[in-house]
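A short worksheet on the structure shown next.
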Amino acid sequence: MRSRSCLTIILAAGEGTRMKSAISKVLHPIAGLPLVGHVVKAVQGACLENEKSSLAVVVGRGAEDVKKAVAGINDAARFFTQSERLGTAHAVLAAREALADSYDDVLVVFGDTPLIEETSLRAAREKLAQGADIVVMGFRPENPAGYGRLIEENGKLVAIIEEKDASEEQRKINFCNGGLMALSGKVALQLISAVKNDNAKGEYYLTDVVKLAHAQGLNVIAIEVPVENVIGINNRAELAEAENLWQARKRREVMLSGVTLIAPETVFFAHDTQIEPDVLIEPNVFFGAKVHVASGAVIHAFSHIEGAQIGANTSIGPFARLRPGAKLAEKAKVGNFCEVKNADIGAGAKVNHLSYIGDASVGEGSNIGAGVITCNYDGYNKFRTIIGSNAFIGSNAALVAPLTIGNGVYVASGSVITDEVPENALALGRARQINKEGRAQVLREKYKAIKANKNK
Ligand code: UD1
Ligand code: CA
């Protein structure tokens, strides 16, 4: 395609009443990213490829938060406020100022249609490039109830009839309006401004541009896109269905890129999860945002991972929790029931059982025994624990930060360590053991007698 300029308008002003939520519908997340964020990402891939292209977002409910969410992904987006909800055409006209600039293509997409893919957007623009004036993204749902019906004659689209305005006969049509539309920049503003609100809902329907364009002898067509590309989210059940579809897509993409998922349907990814080839992921693993996993790592079952950088050939879990700032160098191990937060675990270091390592660094080759805790918090402030390389921290040691433990140190099991330990030292921070010969037998006699007395 020759480089055409494109204005994309995302409609995101709706009330989203059926979500029954304190926040705007388009801010509800799929894979940790707001619905509108998914739309922005798809648009960036397909419609913002040259410097003359731009993004406009129409906001209403929760405007400030929606702006923030969009700006976090695309800092060049322009925002327009629709102060009353008078319909989709009215919403587009809120961005009249942007529409008045001359773009080759104008794309109107919905903020609540998160699974739209670059390929569908590109296909619509391709048709504009070939001479269409309007391209509507149609789809064939199992149940067309609620959608606008596409009325075609001789391969041309002549009208879109909203469900409420449709006749019995028209309601039987199952080729429906996905809601997304591409218009030639030459005719977009003129057509959308001409839309009236003489319909069942008294709204300005964007879909009415089709019959207006047809009357002017313009070239209007529908293309068919996969159903899941255009599913709209109106309630929490649909939100969960969309999450499900998104996860299925991502699992497939990840597997095709060379990652093994033993039970793919039980692994959940975030929108930005990055996994290199030859990683093995066991069942029931959850990824929150900002995770990168390098090649050769094995993530064992039931691990929960967010904000973590996982090095090559590492081993995580089963039942491990990696929190933001966890950074594992190659061949490190974090085993069962361990939590690691804001901590560097050096190459080949092991945190194998039941530990909490927070605000810390563990040098390469060090071994953290079972139940070791970094005591990083005094109720007000956080402190760091620095452990050198090849250190051995005995089981159940409490390391009270701020604390530095040198290379090659031994910390005795059960110690409470509060002071710096120099290189190669043995640190003991516990009461000395004493044995009292024969005293066990004396105690047994005594306790037996007490019990016998009670039962009398
Ligand atoms: C719309 C289409 C319908 C299509 C369906 C697909 C129209 C008239 N109808 O119906 O043909 O089958 O989508 O899902 O376009 N919005 C605003 N301001 C408004 C009204 C809506 O910003 O004044 C936004 C909403 O936030 C939403 C989008 O526009 O993101 C679509 O609006 P909605 O009311 O959900 O349209 P539908 O009735 O679903
Ligand atoms: Ca809708």
| note | In degrees, nearest 10, the alpha-carbon axis of helix 439-454 is tilted away from the dominant principal axis of the alpha carbons of the chain by 70
| message | Let me see the P(r) profile for segment 255-427: every Cα-Cα distance counted, bins of 10 Å, each bin given as a percent of all pairs. | response | 12, 42, 29, 14, 3, 0
| Once the piece of chain linking Arg122 and Arg432 is laid out straight, how much longer is it, given 0.36 nm per residue of separation minus the C-alpha distance between them? | 104.2 nm
| In square nanometres, what is the average projected area of the Cα convex hull of segment 292-390? | 5.3
| Using θ = phi - 60° and Karplus 6.51 cos²θ - 1.76 cosθ + 1.60, couplings along segment 202-207 (whole Hz; Gly, Pro as x) | x, 10, 7, 8, 4, 4
| Based on Cβ point charges of +1 for Lys and Arg and -1 for Asp and Glu, what charge dipole magnitude is obtained for the chain about its Cα centre, in debye rounded to the nearest 20? | 2260
| query | Per residue and in cubic angstrom, what volume does the convex hull of the Cα atoms of segment 6-230 have? | reply | 121
| said: Give me the one-decimal Kirkwood hydrodynamic radius in Å for segment 84-125, with the sum taken over alpha-carbon pairs. | reply: 12.1
| remark: Note: segment 1-140 at 20 °C, 1.002 mPa s; Kirkwood Rh on alpha carbon pairs; Stokes-Einstein D in µm²/s works out to 141
| field | Within segment 1-51, trypsin sites (Lys or Arg not before Pro) in DSSP loop having at most 15 other beta-carbon neighbours inside 10 Å | value | Arg2, Lys20
| query | Which of rounded, prolate, oblate describes segment 32-101, given a ≥ b ≥ c as roots of the alpha-carbon gyration tensor eigenvalues and a/c under 1.5 marking rounded, otherwise prolate only if a/b is larger than b/c? | reply | oblate
| Which FRET efficiency value, to the nearest 0.05, is calculated for Ser3 and Thr404 with the Förster distance at 45 angstrom and r the Cβ-Cβ distance? | 0.20
| said: So if I place +1 on the C-beta of Lys and Arg and -1 on the C-beta of Asp and Glu, and nothing else carries charge, what would the dipole magnitude of segment 255-427 be about its Cα centre? I want it in debye, nearest 20. | reply: 140
| Rounded tilt (10° steps) of 118-129 against the dominant C-alpha axis of the chain | 20
| note | The percentage of the accessible area of segment 245-347 (probe 1.4 Å, all protein chains present) made up of carbon and sulfur atoms, to the nearest whole number, is 55
| request: May I ask you to evaluate 6.51 cos²θ - 1.76 cosθ + 1.60, the Karplus curve with θ = phi - 60°, for each residue of segment 333-341 and list the ³J(HN,Hα) values in order in whole Hz, giving x for glycine and proline? | output: 9, 10, x, 5, 6, 10, 10, 10, 9
| Given a Förster radius of 22 Å and the C-beta distance between Arg236 and Ala145 as r, what FRET efficiency does 1/(1 + (r/R0)^6) yield to the nearest 0.05? | 0.70
| query | Based on the alpha carbon coordinates of the chain, what radius of gyration and maximum Cα-Cα distance (Dmax) apply, in Å? | reply | 30.8, 108
| said: Cβ neighbours within 10 Å, averaged per peptide: list 128-135, 7-14 in order, most packed at the top. | reply: 7-14, 128-135
| Whole-Hz couplings from phi, Karplus 6.51/-1.76/1.60, listed for segment 393-399; x for Gly and Pro | 9, x, 4, 6, 7, 9, 9
| query | At a 1.4 Å probe radius, carbon and sulfur cover how many percent of the accessible area of segment 388-456? | reply | 51
| request: Divide by every residue of the chain the summed helix terms, -39500 (n - 2.57) for each DSSP H run of at least 4, and state the resulting mean residue ellipticity at 222 nm, rounded to the nearest 500 deg cm²/dmol. | output: -6500 deg cm²/dmol
| remark: For the chain, the per residue accessible area (1.4 Å probe, Å²) is 48
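Among 441-453, 410-422, 50-62, what's the highest-first ranking by average C-beta atoms within 10 angstrom per residue?
Descending mean neighbour count gives 50-62, 410-422, 441-453.
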| said: If the only charges are +1 at each Lys and Arg Cβ and -1 at each Asp and Glu Cβ, what is the size of the charge dipole of segment 6-230 around the Cα centre, to the nearest 20 debye? | reply: 320
| Nearest-0.05 FRET efficiency for Leu86 and Gln170, computed from C-beta distance (R0 35 Å) | 0.90
| What's the angle, to the nearest 10 degrees (0 to 90), between helix 236-256's Cα axis and the longest principal axis of the chain? | 70
| Radius 13 Å from Cβ of Ser120, net charge of other residues (Lys, Arg +1; Asp, Glu -1) | -2
| message | Could you give the length gained by full extension between Ile450 and Glu49, i.e. 0.36 nm per residue of separation minus their alpha carbon distance, to one decimal place? | response | 135.7 nm
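The values are calculated or read from the model by the stated rules, or taken from the named source; none is laboratory data. All of these numbers come straight from a predicted model, not from anything done at the bench. When we count neighbours, we look across all protein chains shown, and the Cβ atoms used for this are built from the backbone with ideal geometry, even at glycine. Ligands, DNA and RNA are excluded from the accessible area calculation, which covers all protein heavy atoms including side chains. Shrake-Rupley method; radii C 1.70, N 1.55, O 1.52, S 1.80 Å.
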